[in-house]
Amino acid sequence: MGIENLKTTLKNEKTGNSLILKTPLIGASGTWGYNVEYQDYVDYKYLGAISTKGITLEERLGNVGERIFEVFGGLINRIGLENVGIEAFISDKLPILKENNIDFLLNIAGNTIEDYEKLALIAQTNNIKALEVNVSCPNVKKGCLEFGLNPESLYFLISKIRKVYEGFLIIKLSPNTQDIKSLATAVESAGADCISAINTLRGLGVKIDYINNKFYKKTVQGGLSGTCIKPVALYMVNQISSAVKIPVMAIGGISKLSDLFEFMAVGASAFQIGTANFSNPSVIEDLAIELSEFMQKNNYKTFDDLKKDIKNG
Amino acid sequence: MLSFFLRNLDMKKEFIGKIEQIEKISSDAFKMVILSDLQSVKCGQFISILCENKTLRRPFSIADFEKEANQSLTTILFKIKGQATNYLKSLKIGDSVDFLAPLGNGFEIDNKKALLIGAGIGIAPMLFLKKELNKRNIENYLITGFKSRQEVIKGSDRTIIGGTVLDYIEEEIKNQKPQTVYCCAPTVVLKGVDNITRKHNLKTYLALEKVMACSIGVCRGCVIKLIKDKKIANYSVCKDGPVFLGGEIIWE
Ligand SMILES: Cc1cc2nc3c(=O)[nH]c(=O)nc-3n(C[C@H](O)[C@H](O)[C@H](O)COP(=O)(O)OP(=O)(O)OC[C@H]3O[C@@H](n4cnc5c(N)ncnc54)[C@H](O)[C@@H]3O)c2cc1C
Ligand SMILES: Cc1cc2nc3c(=O)[nH]c(=O)nc-3n(C[C@H](O)[C@H](O)[C@H](O)COP(=O)(O)O)c2cc1C
Ligand code: FES
């Protein structure tokens with residue numbers, strides 16, 4: 001048997017907007033590239049969608065210097081949103097997604113409200129079905145994080161985007177906040193269809209070497225991701241799903257079947273997998289097969305049935 | 001493009017290999033030979049090994065490759081650094097190794113006399129290249145540098161012990177009169193070689209190192225800047241590299 005049992009629909013009951021996913025497993029932004037980059041490792045039929053690398057209005061070269069620092073159970077990155085820019089995305093990357101029938105979320109980031117509005121309008125004009133708005137990148141000096149940490153400015157920003165974009169609107173939240181519930185509520189009341197969480201946590205990597213009686217220090221400040229952030233992600237997803245009715249996509253340290261169950265238990269309707277792809281580039285395929293087999297073996301006809309049972313368990 | 005969904009199994013790039021041989025080759029370096037289904041590789045390409053308790057895979061240059069019926073033997077040489085290389089050292093014959101391969105672009109091979117330069121464990125890809133050049137009857141000369149006698153890995157035409165191999169490049173360019181230069185070494189040496197060979201107008205291939213996360217070009221963790229046709233752009237060491245042309249690299 002195939003993996004048809006993994007099909008699921010995310011729906012905003014209020015607006016009726018929905019997103020159909022072949023499987024609830026999505027490649028997280030920044031770890032999956034733009035389209036077919038993983039084709040040597042994953043059969044894309046197991047993939048619910050790709051979240052594209054964060055796209056900005058203009059091309060960006062990203063940060064200078066060390067961009068990756070490994071820590072126990074994860075890594076710190078300071079890529080700084082290196083991306084091809086929306087124009088090149090539409091002309092070079094989008095046709096490949098279409099040709100190969102790959103479902104995707106266009107992940108966007110900006111410095112100003114106008115940036116986000118322009119990007120959303122381009123998404124609308126190009127009939128892009130799902131938009132994931134990054135209001136939570138900790139690696140750029142100004143912009144997205146500022147919007148993402150204040151309920152009022154977040155509400156304002158999302159209302160503006162909602163006016164120009166009619167597709168499935170997902171807001172990606174930052175964990176670097178005291179009050180995730182108010183942010184989630186602001187997102188919902190501004191008309192978004194879904195929340196994805198979490199983005200990376202702020203972190204500092206420090207390495208001290210002692211060579212020839214001298215200390216050498218190296219530091220890398222950026223966003224922490226990987227299995228080590230899972231408890232934070234579970235906490236955040238739990239808080240968010242208890243505050244809003246719109247569906248929640250869980251992100252943060254997911255790498256195995258039990259992780260999916262744990263996030264379902266706190267209200268997740270779909271999953272994004274990021275850092276785990278780096279150690280196991282076929283992790284999404286593996287998870288899809290394991291999840292589907294578990295469901296068949298235990299007589300769950302649909303993913304929604306499974307979700308319900310785990311949540312009520 | 002429906003064919004895309006019928007994943008071509010020959011294209012598969014993740015392998016579970018089996019260790020055929022693991023041995024100490026110098027005071028701080030080991031040789032590991034892995035039997036797997038990997039079908040073909042190019043000199044200068046690398047593999048990326050999953051190591052216990054590590055989020056990130058670790059890249060190692062291919063130091064030799066031989067087909068064996070339907071399978072192959074891939075050799076790497078690794079120097080002990082931290083946890084991952086200590087883990088590799090702890091493995092035994094018969095243990096399995098999960099690796100991605102072949103990765104990166106590899107060296108272009110011109111039909112011209114070549115000077116090969118390696119510093120420390122940078123000798124690894126040079127040994128593979130030397131073997132390939134010999135096979136093709138392309139004249140070549142490998143000079144390497146090591147910090148001490150205990151660290152020397154065999155296989156060079158000339159070995160410099162102590163000091164820096166950089167001090168001998170001018171001399172070998174004069175002696176050997178190469179038309180192409182290849183180098184794998186720490187950044188300071190690569191940069192030095194780049195400067196020297198530019199003066200002599202020699203085509204130079206430099207194999208770079210950067211910390212890698214995805215190793216397939218998507219995360220942009222390993223990028224460097226190149227200048228081509230007066231335009232500066234980012235290139236990934238893992239996919240666009242690790243081999244870049246001398247004269248094009250903007251050193252950080
Ligand atoms: C293309 C390429 C080819 C290489 N070929 C060889 C080889 O043939 N033989 C060999 O001994 N070494 C090679 N290296 C270096 C080797 O990957 C590192 O020595 C190894 O990753 C160290 O891991 P560790 O956990 O033992 O040490 P750590 O203490 O974790 O790191 C020591 C140093 O290794 C480097 N390093 C750490 N993590 C990574 C990573 N994920 N990706 C890349 N570099 C990292 C960093 O410079 C770091 O400072 C190569 C590196 C690259 C990029
Ligand atoms: C190298 C790297 C680059 C990332 N780039 C982006 C990005 O461009 N936009 C974004 O919204 N999130 C980005 N993220 C965050 C991930 O999408 C994800 O939210 C985070 O890594 C947590 O999930 P994980 O633990 O599964 O990796 C990036 C993460 C990593 C590791
Ligand atoms: S390691 Fe990800 S782009 Fe090179």
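Does at least one position in the stretch A:253-273 carry a residue that is at positive phi and more than 13 Å from chain B (Cβ to nearest Cβ)? So far as the stretch A:253-273 goes, yes, one or more of its residues are at positive phi and more than 13 Å from chain B (Cβ to nearest Cβ). Looking at the stretch B:168-188, can you tell me whether even one residue there is crowded, with 18+ Cβ neighbours inside 10 Å and assigned to a loop (DSSP other than H, G, I, E, B)? The answer is yes; a qualifying residue exists. Taken together, the residues in the stretch B:236-252 that are closer than 18 Å to B:PRO186 by Cβ, in contact with a Cys (Cβ under 9 Å, 6 or more places away or on another chain) and not hydrophobic (A, V, I, L, M, F, W, C) amount to 3. Do we find that A:GLY110 is crowded, with 21+ Cβ neighbours inside 10 Å, among the small types (Gly, Ala, Ser) and more than 14 Å from chain B (Cβ to nearest Cβ) in this structure? The answer is yes for A:GLY110. If only residues of the stretch A:18-71 that are within 11 Å of ligand 2 (Cβ to nearest atom) and among the small types (Gly, Ala, Ser) are counted, the one that is farthest from A:GLY252 (Cα to Cα) is A:GLY62. The set of residues in the stretch B:168-224 being closer than 30 Å to B:GLU14 by Cβ, away from ligand 2 (no atom under 16 Å from the Cβ) and charged (D, E, K, R) consists of B:GLU209 alone.
Inside the stretch B:198-236, residues that are more than 10 Å from every other protein chain (Cβ to nearest Cβ) and more than 13 Å from ligand 1 (Cβ to nearest atom) make up a count of 15. Only a single item in (1) more than 17 Å from the chain's Cα centre (by Cα); (2) of a type outside the set (A, V, I, L, M, F, W, C); (3) within 29 Å of A:ILE229 (Cβ to Cβ) is not met by B:SER48, and it is number (1). From the residues in the stretch A:1-16 that are open to solvent by less than 100 Å² (accessible area, probe 1.4 Å) and not in a loop (DSSP other than H, G, I, E, B), which one is farthest from A:PRO247 (Cα to Cα)? If we take residues in the stretch A:1-16 being open to solvent by less than 100 Å² (accessible area, probe 1.4 Å) and not in a loop (DSSP other than H, G, I, E, B), then A:ASN5 is farthest from A:PRO247 (Cα to Cα).
Among the strands (runs of 3 or more DSSP E) confined to the stretch B:1-110, the ones with at least 3 residues that are touching a residue at least 12 places away in the same chain (Cβ under 8 Å) and surrounded by fewer than 16 Cβ atoms within 10 Å (Cβ to Cβ) are located at B:14-26. The residues of the stretch B:225-252 that are surrounded by 18 or more Cβ atoms within 10 Å (Cβ to Cβ) and among the β-branched types (Val, Ile, Thr), listed by number, are B:VAL237, B:VAL243, B:ILE249.
Once the stretch A:78-107 is narrowed to residues that are assigned to a loop (DSSP other than H, G, I, E, B) and more than 16 Å from A:GLY62 (Cβ to Cβ), the residue that is most open to solvent (accessible area, probe 1.4 Å) is A:ASN101. A:TYR46 - would you say it is hydroxyl-bearing (Ser, Thr, Tyr) and within 14 Å of chain B (Cβ to nearest Cβ)? Yes, satisfied. For the stretch B:189-226, the tally of residues that are part of a loop (DSSP other than H, G, I, E, B) and within 23 Å of B:PRO102 (Cα to Cα) stands at 15. Scanning the stretch A:50-68 for residues that are within 8 Å of chain B (Cβ to nearest Cβ) and either outside any loop (DSSP other than H, G, I, E, B) or under 16 Å from A:ILE128 (Cβ atoms) (or both) yields A:LYS53, A:ILE68.
Table: residues versus (1) more than 9 Å from ligand 2 (Cβ to nearest atom); (2) part of a helix (DSSP H, G or I); (3) open to solvent by less than 30 Å² (accessible area, probe 1.4 Å).
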position: A:CYS228; (1), (2), (3): no, yes, no
position: A:VAL232; (1), (2), (3): yes, yes, no
position: A:TYR235; (1), (2), (3): yes, yes, no
position: A:GLN239; (1), (2), (3): yes, yes, no
position: A:SER242; (1), (2), (3): yes, yes, no
position: A:ILE246; (1), (2), (3): yes, no, yes
position: A:MET249; (1), (2), (3): yes, no, yes
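Within the stretch A:240-256, the residues that satisfy the criterion of being in contact with a strand residue (DSSP E or B) (Cβ under 9 Å, 6 or more places away or on another chain) and more than 17 Å from A:SER279 (Cα to Cα) are A:ILE240, A:SER241, A:VAL244, A:ILE246, A:PRO247, A:VAL248, A:MET249, A:ALA250.
The values are calculated or read from the model by the stated rules, or taken from the named source; none is laboratory data. Quick caveat: nothing in here was measured; it's all calculated off a predicted structure. With ideal geometry, Cβ positions are generated from the backbone for all residues, glycine too; neighbour counts draw on all protein chains shown. Quick note on the areas: whole protein, heavy atoms, side chains included, nothing else; ligands and nucleic acids left out. Shrake-Rupley method; radii C 1.70, N 1.55, O 1.52, S 1.80 Å.
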